[in-house]
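Have a look at the structure below, then the notes.
Quick note: the coordinates plus some simple rules give every number you see, no bench work behind them. Please read these numbers as outputs of a predicted model, since none were measured by experiment. When we count neighbours, we look across all protein chains shown, and the Cβ atoms used for this are built from the backbone with ideal geometry, even at glycine.
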Amino acid sequence: MPLEGVAIRPVRTADLGAVAGIFAHYVDHTRFTFEETPPSEADWHHRLEQGAAAGLPFLVAEVDGRVAGYARCTPWREKPAYRFTAEDSIYLAPGMGGRGLGGELLAALLDDAAEAGVRQMVAVVVDDGEGASLALHRRYGFALVGRLSRVGHKHGRWLDTLLLQRGLLPASATPATTPHRAHARTTDTG
């Protein structure tokens, strides 16, 4: 059933407890992330600061005043030549899937990332046999560009990851001298 009253907005520090709780569910109960210990709320504060310093978007979906999911970008790699490429992450609160919320988050994240100067977005999706994340990314124009076989082991099972990629700016666009410039949606880090 589609959701009404969804607000996609920049994350606030007050949201980080909810973000930590959403992600902890996936760490503890799924194979969707290779993290094995849920990051603390303090860890999420550090991640927010790092993302804000890089000028990369970190968004939440709010439904009826509650954080129902989040999406964020991180640098793809730390080497300078990768500075125009980012990786996305999207997680929804348990019970919030299948209602279009992931698509709303991904669409907003892609727009904000392009505005921040990101030229290529990469998604690393665990091939868990369910395929929801793969289907979501493909609906938004991501192409499957590779597979890494048996690179993760979690909950007693060897897992593959799928690499997906989508260009955000035309190939002819001249890169900004400073990628990841501040984006239109402001982030409250204080």
### Query
Dipole magnitude of the chain about its Cα centre, charges +1 at Lys/Arg Cβ and -1 at Asp/Glu Cβ only, in debye to the nearest 20?
620 debye
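How much length, in nm to one decimal, is gained on full extension between residue 4 and residue 153, taken as 0.36 nm per residue of separation minus their Cα-Cα distance?
Working: separation 149, 0.36 × 149 = 53.64 nm, distance 3.81 nm.
Gain in length upon complete extension: 49.8 nm.
May I have the convex hull volume per residue, in Å³, for the Cα set of the chain?
Numbers: hull volume 23.3 nm³, N = 190.
Taking the convex hull of the Cα positions in the chain, it is 123 Å³ per residue.
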## Note on the structure
Amide H proximity to residue 127 below 5 Å, modelled H, separation 5+ or other chain, gives 160, 161, 162
### Query
Taking the convex hull of the alpha carbon atoms in segment 34-118, what volume per residue do you get, in Å³?
117 Å³
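Find out how many positive minus negative residues lie around residue 155, taking Lys and Arg as positive, Asp and Glu as negative, among other residues whose Cβ is under 13 Å from that of residue 155. Mind showing how you got there, number by number?
Details: positive: 31, 154, 157; negative: 28, 35, 36, 128.
After counting each charged neighbour, the total is -1.
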